[in-house]
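Student: Before anything else, here's the structure in question.
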Amino acid sequence: MATLLFVYGTLKRGCRNHPLLANQAYVGPARTTPGFTVYDLGGYPGLVAAAADAPGVAGEVWSVDAECLAALDTFEGVAEGLYRREPLALQAPYDRQRVDAYVYGREISGRPHVGTEWREPRR
Ligand code: PCA
């Protein structure tokens, strides 16, 4: 079964860990509802819930198969609590669908605030 996954960081097209999604299906660009924001964790980002007037986070929706999703969960440290994969609210046209994302699971205070769109530092 396929799962819709919102990616906002290193899994995006052109970014470092995108090869993990290479044989999956790109659905389209997407943005969360207000109330989410992104911090820089040192070369990769963490999305967290934020004030209701935060403008939301930009990313991409992908349709991923179960095997890929299991590999991503391992890669993103879900078992260790680094990220939690959970459904989050996206703006239309995804507002009536379940779409999961990796939400940062640890303490974010003191990290640089990125805001709406994380971009990979030049390598
Ligand atoms: N990888 C996942 C979560 C943060 C990261 O760098 C993503 O791209 O959505």
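The values are calculated or read from the model by the stated rules, or taken from the named source; none is laboratory data. The model shown is predicted, which means the values in this text are computed figures rather than measured ones. Backbone-built Cβ (ideal geometry, glycine too); neighbour counts: all protein chains shown. Quick note on the areas: whole protein, heavy atoms, side chains included, nothing else; ligands and nucleic acids left out. Shrake-Rupley method; radii C 1.70, N 1.55, O 1.52, S 1.80 Å.
Student: Between Ala30 and residues 5 or more places away or on another chain, which pairs have amide H atoms under 5 Å apart, with H built 1.01 Å from N, and which residues are they?
Tutor: Gly59, Glu60, Val61
Student: Another question about this same structure. Suppose every Lys and Arg Cβ carries +1 and every Asp and Glu Cβ carries -1, with no other charges. What dipole size does the stretch 10-123 come out with about its Cα centre, to the nearest 20 debye?
Tutor: On the way: 13 positive and 14 negative charges, 67 e Å.
The calculation lands at about 320 debye.
Student: Between Asp73 and Arg122, how high is the FRET efficiency from 1/(1 + (r/R0)^6) when r is the Cβ-Cβ distance and R₀ = 22 Å? Nearest 0.05.
Tutor: Details: r = 29 Å, r/R0 = 1.31.
Plugging the Cβ-Cβ distance into 1/(1 + (r/R0)^6) gives 0.15.
Student: Here's something else I'd like to know. Give, in nm to one decimal, the length gained when the segment between Ala52 and Met1 is fully stretched (0.36 nm per residue of separation minus the Cα-Cα distance).
Tutor: Between Ala52 and Met1, full extension yields 15.1 nm more.
Student: What shape does the stretch 72-123 take by its C-alpha gyration tensor, where a ≥ b ≥ c are the square roots of the eigenvalues and a/c under 1.5 counts as rounded, a/b above b/c as prolate, and the rest as oblate?
Tutor: Details: a/c = 1.76, a/b = 1.21, b/c = 1.46.
Here the stretch 72-123 falls in the oblate category.
Student: Place a point 7 Å from the Cα of Arg96 along the Cα-to-Cβ direction; which residues of the stretch 13-33 have their backbone N under 11 Å from it?
Tutor: none
Student: Summing Lys, Arg as +1 and Asp, Glu as -1, what charge do residues with Cβ under 14 Å from the Cβ of Gly77 carry, Gly77 excluded? Present the calculation step by step, with values, prior to reporting the outcome.
Tutor: Numbers: positive: Arg84, Arg85, Arg106; negative: Asp73, Glu76, Glu80.
Result for the local shell: 0.
Student: Can I ask one more? Helix-derived [θ] at 222 nm for the chain: sum -39500 (n - 2.57) over DSSP H runs of at least 4, divide by residue count, nearest 500?
Tutor: Working: 1 runs with 10 residues, N = 123.
Helix-only estimate at 222 nm: -2500 deg cm²/dmol.
Student: Might you tell me the accessible area per residue for the chain, computed with a 1.4 Å probe and given in Å²?
Tutor: That works out to 53 Å² for each residue.
Student: Let me ask you something else. Carbon-plus-sulfur fraction of the accessible area of the chain, 1.4 Å probe, in percent?
Tutor: Carbon-and-sulfur percentage of accessible area, whole number: 52.
Student: Under a Cβ-Cβ cut-off of 13 Å, what is the net charge of the residues other than Thr3 that fall near it, where Lys and Arg count +1 and Asp and Glu count -1?
Tutor: Result for the neighbourhood of Thr3: -3.
Student: Right, another one. Compute the signed sum of charges (Lys and Arg +1, Asp and Glu -1) over the other residues within less than 9 Å, Cβ to Cβ, of Tyr44.
Tutor: Working: positive: Arg16; negative: Asp40, Glu120.
Here the count lands on -1.
Student: In the stretch 1-90, which GluC sites (Glu not before Pro) fall in coil by DSSP and have 13 or fewer other Cβ atoms within 10 Å?
Tutor: Listed in order of number, the matching sites are Glu80.
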